[in-house]
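**Student:** There's a structure below that I have some questions on.
Please treat every number below as a calculation from the coordinates, not as lab data. It should be emphasised that the depicted structure is a prediction, and the values quoted were computed from it without experimental measurement. Because the Cβ atoms are built from the backbone with ideal geometry, glycine has one as well, and the counts that use them run over all protein chains shown.
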Ligand SMILES: *Cc1c(COP(=O)(O)O)cnc(C)c1O
């Protein structure tokens, strides 16, 4: 019996090593990785520049404390602000913590404005993490069930619906911020419409709200620009990052601009491990590779290629509802739950994932080449077609 808590229904495979978009199991079988540790391994497995930087750092200094200055942390904050056009960064260790920091900023901002019960607008089908505040902000009953009482202070509206946000603004004077994903990754790869972010910016400005983006999945090149918001010419007040930032090493960041960047003072927030020399070196090396190897451009081009190839391969396949996505965050929505495809693909040497029950998701390393993408689509599309040709499970007997 395993001594691990049963938080994951694990697939029957253990990987021994990785290189680029490939993983090998203990028996030497090779897998094409279109999951990338759930949108984490942005520059692939064991990129030589990341490995070299970490080897060097491990032999020099791993951890000190935020009680002291940390050179790599200051450099990384400079870099993130230069890339985003924002002002200040708080470092933590995960996406949930980055969102916790954003939520705390929003509440602190509210109390400064003498709002005693500050509320944050959140979206249906959102995913923000598994801590109490972030699961309360998450728009999925599955994530929340059994963990009540939930943290209060969230107001929920439908995704991509500006009118619903305007209605909240008109009726609820406790709202101080909105927290949104521009592509809902866990929610089924739902991409917001082009005018959505600009509309949110206008509503936030008109009402004195903070515009807070959860870019934990969309950030660090995933959608083809370094940050998702850069598609729309609008800058948020607060942005949460994690997943791709450290190239596989745990690190999260909450980036803020303007007033939001000036709220915290010593003692208001903290983290023992946040921004260690080791983690910041990983992120600096990852960003260096992203820039020097034009990884965002590759993510745009190969992502487009993946969507086009999938559409061609699955055209006129009954049961395929839509192929959609942005950059290297792509989904194939089917007309039925398709979780079993993950195991079918694994057996054939492809690592994919299913989200929101009916959406096959591809979030490969951003360095995937067109020819590797062809292998992925060429291998997985037939599995989807075969799956859809099987007779649908018998419907429940009529009552
Ligand atoms: C994965 C994810 C999180 C949670 O990140 P953790 O590192 O697992 O805490 C939060 N928000 C979004 C959008 C995510 O995709």
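**Student:** Applying a 10 Å radius around every beta-carbon, put 331-339, 51-59 in order of their mean neighbour count, most first. Don't skip to the answer; put the middle values down first.
**Tutor:** Values: 331-339: 18.6, 51-59: 13.9.
Ranking, from highest mean packing down: 331-339, 51-59.
**Student:** Report the Cα centroid-to-centroid distance between segment 53-103 and segment 246-325 in angstrom, as an integer.
**Tutor:** 15 Å
**Student:** What list do you get for 264, 127 if you sort them by fewest beta carbons within 10 Å?
**Tutor:** On the way: 264 18, 127 26.
Result, fewest neighbours first: 264, 127.
**Student:** Can you pull a Stokes-Einstein diffusion coefficient for segment 294-355 at 10 °C (1.306 mPa s), Rh from Kirkwood over Cα pairs, as a whole number of µm²/s?
**Tutor:** Numbers: Rh = 12.7 Å.
The estimated diffusion coefficient comes to 125 µm²/s.
**Student:** Please arrange 1, 368 by counting, for each residue, the other beta carbons lying within 10 Å of its beta carbon, fewest first.
**Tutor:** Numbers: 1 3, 368 26.
The most exposed by this proxy come first: 1, 368.
**Student:** Report, for the chain, the % of DSSP beta bridges that are antiparallel, rounded to 5. Walk me through the numbers before you get to the answer.
**Tutor:** Values: 32 of 49 bridges.
Around 65 percent antiparallel, to the nearest 5.
**Student:** Identify the residues of segment 252-288 with backbone N under 14 Å of a label point that sits 7 angstrom from the Cα of residue 67 along the Cα-to-Cβ direction, or state none.
**Tutor:** Of the residues in segment 252-288, 271-273 have backbone N under 14 Å from the label point off residue 67.
**Student:** Does segment 12-127 come out rounded, prolate or oblate, given a ≥ b ≥ c as the square roots of the eigenvalues of its C-alpha gyration tensor, rounded meaning a/c under 1.5 and, failing that, prolate meaning a/b above b/c? Walk me through the intermediate numbers first.
**Tutor:** Details: a/c = 2.81, a/b = 1.57, b/c = 1.79.
Cα axes put segment 12-127 in the oblate bin.
**Student:** Of the peptides 98-105, 129-136, how do they stack up when ordered by the mean number of other Cβ atoms within 10 Å, highest first? Don't skip to the answer; put the middle values down first.
**Tutor:** Working: 98-105: 26.1, 129-136: 19.6.
For the peptides 98-105, 129-136, the packing ranking is 98-105, 129-136.
**Student:** Quick one: work out Rg over Rh on the C-alpha atoms of the chain, Rh as Kirkwood radius.
**Tutor:** Working: Rg = 21.3 Å, Rh = 21.9 Å.
Radius of gyration over Kirkwood radius for the chain works out to 0.97.
**Student:** If you don't mind, there's one more thing I want to ask. Using only C-alpha positions, report the orientation-averaged shadow area of the convex hull of segment 74-232, nm², one decimal. Provide the component values of the computation, followed by the final result.
**Tutor:** Numbers: hull surface 37.5 nm².
Over every viewing direction, the Cα hull of segment 74-232 projects on average to 9.4 nm².
**Student:** In addition: Give, in whole angstrom and from largest to smallest, the semi-axes √(5λ) of the equivalent ellipsoid of segment 47-104, with λ running over the eigenvalues of the Cα gyration tensor.
**Tutor:** 23, 15, 13
**Student:** Starting from a Cα-only point model with no solvent, please compute log10 I(q)/I(0) by Debye for segment 219-351 at q = 0.12, 0.14 1/Å.
**Tutor:** -0.68, -0.86
**Student:** How big is segment 246-322 on each of its three principal axes, counting only the C-alpha atoms and giving the largest first in Å?
**Tutor:** Result for segment 246-322: principal-axis Cα extents of 60, 28, 24 Å.
**Student:** Determine, for 225, 7, the number of other Cβ atoms within 10 Å of each Cβ, and report the residues in order from fewest to most. Each step should come with its number before you reach the end.
**Tutor:** Values: 225 19, 7 7.
Taking fewest neighbouring Cβ atoms as first place, the list is 7, 225.
**Student:** Taking 0.36 nm per residue of sequence separation and subtracting the Cα-Cα distance, how much length would be gained by fully extending the chain between residue 46 and residue 230, in nm to one decimal?
**Tutor:** Details: separation 184, 0.36 × 184 = 66.24 nm, distance 2.80 nm.
So the extension gain works out to 63.4 nm.
**Student:** Could you sort 154-162, 37-45 so that the peptide with the highest average Cβ count within 10 Å comes first and the rest follow in order?
**Tutor:** Numbers: 154-162: 16.4, 37-45: 23.4.
So the order, starting with the most tightly packed, is 37-45, 154-162.
**Student:** Seen from all sides and averaged, what is the projected area of the convex hull of the Cα atoms in segment 89-130, in nm²? Before the final figure, lay out each step's value.
**Tutor:** Details: hull surface 14.7 nm².
Over every viewing direction, the Cα hull of segment 89-130 projects on average to 3.7 nm².
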